[in-house]
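Please read the structure below before turning to the comments.
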């Protein structure tokens, strides 16, 4: 089953470029111009990863990352921005952002970050941990 990505980007040309660049990797993708639109969609659907601009109308990408850090919609978030600063990067790390890219960025680097974030998420899922534990040999009592 292909992974589902959300792209939250208020610039239509950038949203299109991200979606086109990642669709070649077999992802299903939905795009939204605001974080609020993405959150409404997440109330009734699910995705595996969010790629968001930092500066958006309304809720910022940082606020979205904080919101998606825990709870029923917890998932990795990758931020793309033209407005990075050391303080912003620190805040993004503290919010649990999987990666941050400055615009313009190399699509190959973004693809690699998406793969790493999805692999990391799969390793953290309880059903994957259960399978790995079940595959380990059991210790015998002495």
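Taken together, the values in this text are just the output of simple stated rules run on the coordinates, not laboratory data. Since the model is a prediction, treat every value here as computed from it, not as a measurement. So basically every Cβ, Gly included, is an ideal-geometry build from the backbone, and we count neighbours across all protein chains shown.
If the segment from residue 123 to residue 89 were pulled out straight at 0.36 nm per residue, it would be longer than the present Cα-Cα gap by 9.7 nm. Think of it as helices only: each DSSP H run of n ≥ 4 in the chain is worth -39500 (n - 2.57), and spread over all residues that comes to -14000 deg cm²/dmol at 222 nm.
Fewest neighbouring Cβ atoms within 10 Å first, the residues 52, 47, 102 line up as 102, 47, 52. For residue 82 and residue 63, the difference between the fully extended length at 0.36 nm per residue and the C-alpha to C-alpha distance is 5.1 nm. Short-range pairs are left out: with C-alpha atoms under 8 Å and at least six residues apart, the relative contact order of the chain is 19 percent.
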